[in-house]
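> The structure's right below; bear with me while I get my questions together.
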Amino acid sequence: MSYNSIIGDDISYICNELREDLKEAEGATWLISGGGGFIGAYFLDLLNYCNRELFTKPCRVICLENFISGIPERISHLQKINNFRIYDKDVIKSVSVYGKADYIVHAASIASPAYYRKYPIETIESNVIGLKNLLELARNKKAKSFLFFSTSEIYGNPPKEWIPTPESYNGNVSCTGPRACYDESKRLGETLCVNYYRQYGTPVKIVRPFNVFGPGLRIDDKRVIPDFFNNALNGKKLQLLSDGSPTRSFCYISDAMCGFVKAILSNYDGEAFNIGNDQQEISMLDLAKAIAETVGGVDLEYRQSEEADYLIDNPERRCPDLTKAKNLLGYHPKVELKAGLKKMLAWYKEAYKFEGDGKI
């Protein structure tokens, strides 16, 4: 589960794409919450790479992580790196750091439906109380920029006239359903952010990721892409828990990271940005077929979820309107879905020691 050459290639690509943007952060102090998670770990690896390959004056990096869903092994290679400090810390408790905190990234969140259904209160607390603690830190430290990870799930289940979905769509979200602990706490998190900006001038930016995937996304995460790979690599049929018609547009992690970094290093305080890939909206059936083809020798089956409410409030379609991010941030995703799936397969095989026949 640790850092490897596949993630390393992604990090090198991101740095090369953002070389001029990243120079603005040279010598700064970064605080990353949730650094042991999928996206947080990419931020840590990117800053470590920049310290080695790009910056003359290195950044100081502080990671806060309680590992409720993060993976210690994913960032173990950074434990003894100069300028890095990794603390076992829950951000829902008071947060303090010594010295500056120039850039704060709140990536601590429980984003997998399987995990936030198991930990609904902790999910709410991280997205609201943990966020408020970090916003207070940003205010007191006079941070240069603050990035909050919201989600495309705040849009709920948009009607067809709002797909692709722009940031101006207010959402169609249940406040009491089985997904509400995640969706509604992210919505309240956005409200907190914009009001800290309006009342205190805190330089917050909000990103709404659309189905980001890639190396580092744990195979037992239970979101659809790792779930399909988990079955395929263990010689099982890919299980469709619906009729296969719901659609999503998936964004490979290196593209998404370019959008996230562009957002935090921008001057668009108080703004929210969709970050995703608008090139291909794919049905769950066609996604299953694409993963079956990528792995090889895999069949599909339809079955009912063991959780009776699993599909309640599950959006039928999800696709971003990226006009705002493209025009203001210069964000343009480039990695096609099939190319991303091949990289993810290679990472799973290496990270989980799968052999050629798909078994550990």
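Coordinate-derived values only; no laboratory data. Just so it is clear, the structure is predicted and the values come from calculations on it, not from any experiment. Here Cβ is always computed from backbone atoms with ideal geometry, including for glycine, and neighbour counts include all displayed protein chains.
> Which of Ile62, Pro166, Gly189 sits closest to the plus end of the dipole of the chain, meaning its Cα is farthest towards the positive end, when Lys and Arg get +1 and Asp and Glu get -1 on the C-beta?
Value computed over the given set: Ile62.
> Could you work out the Kirkwood radius for the range 157-242, taking every pair of different alpha carbons, averaging 1/r and inverting it, reported in Å?
Working: mean 1/r = 0.0618 Å⁻¹.
It is 16.2 Å.
> Taking amide H positions as placed 1.01 Å from N in the peptide plane, with prolines and chain starts having none, which residues 5 or more places from Ile86, or on another chain, fall under 5 Å of its amide H?
For Ile86, the qualifying residues are Cys63.
> Where q = 0.13, 0.14, 0.16 Å⁻¹, what log10 of I(q)/I(0) comes from the Debye formula for the range 137-283, counting one point per Cα?
Normalising to I(0) and taking log10 leaves -0.69, -0.79, -0.99.
> A follow-up question, please. Using only alpha carbon pairs under 8 Å that are at least six residues apart, calculate the relative contact order of the chain and give it in whole percent. Mind showing how you got there, number by number?
Working: 711 pairs, mean separation 63.5, N = 360.
Relative contact order, the chain: 18 percent.
> For the range 185-332, with the dipole built from +1 on Lys and Arg beta-carbon atoms and -1 on Asp and Glu ones, taken about the Cα centre, which of Gly201, Gly216, Leu240 lies farthest toward the positive end?
The Cα lying farthest towards the positive end belongs to Gly201.
> Return the ratio Rg/(2.2 N^0.38 Å) for the chain, where Rg is computed over Cα atoms only. Could the numbers behind the result be given before it?
Values: Rg = 19.4 Å, N = 360, 2.2 N^0.38 = 20.6 Å.
Dividing the Cα radius of gyration by 2.2 N^0.38 Å gives 0.94.
> Under the rule of -39500 (n - 2.57) per DSSP H run of 4 or more residues, summed and divided by the residues of the chain, what mean residue ellipticity at 222 nm is obtained, to the nearest 500 deg cm²/dmol?
Working: 11 runs with 126 residues, N = 360.
Computed ellipticity for the chain at 222 nm equals -10500 deg cm²/dmol.
> Quote the relative contact order of the range 51-207 in percent (integer), defining contacts as alpha-carbon pairs under 8 Å separated by 6+ residues.
Numbers: 214 pairs, mean separation 35.7, N = 157.
With pairs under 8 Å counted, the relative contact order is 23 percent.
> Can you pull the percent of Cα pairs in the range 1-62 with separation above 17 Å?
Values: 675 of 1891 pairs.
When all Cα pairs of the range 1-62 are counted, 36 percent exceed 17 Å.
> Pairs Lys89/Lys141; Lys93/Lys338; Lys80/Lys326; Lys23/Lys353: which are spaced more than 31 Å apart, C-alpha to C-alpha?
On the way: Lys89/Lys141 19 Å; Lys93/Lys338 41 Å; Lys80/Lys326 38 Å; Lys23/Lys353 37 Å.
Too far apart for the 31 Å limit: Lys93/Lys338; Lys80/Lys326; Lys23/Lys353.
> Sticking with this structure for a sec: Determine one quarter of the surface area of the Cα convex hull of the range 53-161, which equals its mean projected area, and express it in nm² to one decimal. Working shown, then result.
Numbers: hull surface 39.2 nm².
Result: 9.8 nm².
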